[in-house]
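Remarks on the structure that follows.
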Amino acid sequence: MKSGSIVIVLSLLFLEELSVARANTIQGHQRQGKRNAQSNEINYFPSLKNIAQRLLDIDSFEINKLRQKDDIIFGKDKEIRDLNELIRSRNTPNNPSVNSNLDQCPRRGPSGTYTINLQGLNELNVLCDAEGWMTIQKRFDGSLSFDRKWEDYKIGFGHIQSEFFIGLEAINRITERHQHELLISITDINGQSAHALYENFQIGRENEGYALKSLGKYSGLAGDFLSHQLHKKFTTLDKNNDANYNLNCARDGNGGYWYNGCMDKNLNAKYYASGFPWGQTMLRSIIMMIRPK
Ligand SMILES: [Ca+2]
């Protein structure tokens, strides 16, 4: 109970007890005639004891209520942790395998974690599914910040068992050697999923600003939201390559992207409590995958 409330309750109880004490005193006068001040004090002290006891009762009642609320909050926290763990486990293949002779995902699986070698880069752990799709970006709970500098976007960040981005350098090296499809799967905060498929995805080299060089034909139900960024260079917090003359579109939590304008739908935007902005709605999760055509 707040201290202001305690004061009000104390005042009300005090007044109540005082009026009872006065009534008793008047009755006492009527019955017994004059009595001295000492006898009033004797009636009054038991009333103060009652007030103190009632305040203690109220206090312990409030403490119990707070304890119950604390238990409920603790229970909800545990539910959230369990759900996040469930999502993580569903995003993680069950049968990880290692093969460092590969430079791409095996076409016919099995799904798992593979170590691939790309010329000039360190060995890279990648997620592959049973149909040869390699995950290059994954977000589902906002645990990883995408508000990062050029070097992070270049070499990649996060962890493949949770949220991550594979890195622009790796995407460039993979997509410039062979034609690759790009599959983007999105799920909004209401659980509605859709995908976008591009038949010829390629990004340029670092000296080209990792520009979105090619997308190819689009199909899917998510909407062709990437063609607007075709041929645009990548912009990060510390590298302003976007078309907006006055602003750096990656600043203020928008994340690195192939910006055309600062209001573009952006797959790397700031993740709030339940998702990140996507036009008129919010996306809860996204996964970007590539596969040789
Ligand atoms: Ca700019």
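The values are calculated or read from the model by the stated rules, or taken from the named source; none is laboratory data. All of these numbers come straight from a predicted model, not from anything done at the bench. Neighbour counts are summed over all protein chains in view; Cβ atoms, including those assigned to glycine, are modelled from backbone coordinates with ideal geometry.
A few notes on this one:
- Within segment 168-265, strands (runs of 3 or more DSSP E) holding 2 or more residues that are away from the ligand (no atom under 14 Å from the Cβ) and free of Cβ contacts under 8 Å to residues at least 60 places away in the same chain: 193-198, 212-214, 218-220
- Any hit, segment 191-205, residues being touching a strand residue (DSSP E or B) at 6+ places or on another chain (Cβ under 9 Å), assigned by TED's automatic domain parsing to the domain that holds K154 and more than 19 Å from Q137 (Cα to Cα): yes
- Test result for A273, within 12 Å of the ligand (Cβ to nearest atom), among the small types (G, A, S) and within 22 Å of the chain's Cα centre (by Cα): no
- A count restricted to segment 129-151 and to residues that are modelled with pLDDT under 95 and not in a loop (DSSP other than H, G, I, E, B) stands at 0.
- Test: N268 is more than 10 Å from the ligand (Cβ to nearest atom), under 18 Å from K149 (Cβ atoms), in a loop (DSSP other than H, G, I, E, B) and in the same structural domain as L144 (by TED's automatic domain parsing): yes
- Summed over segment 274-285, residues that are assigned to a loop (DSSP other than H, G, I, E, B), free of Cβ contacts under 8 Å to residues at least 60 places away in the same chain and more than 27 Å from E199 (Cβ to Cβ) total 1.
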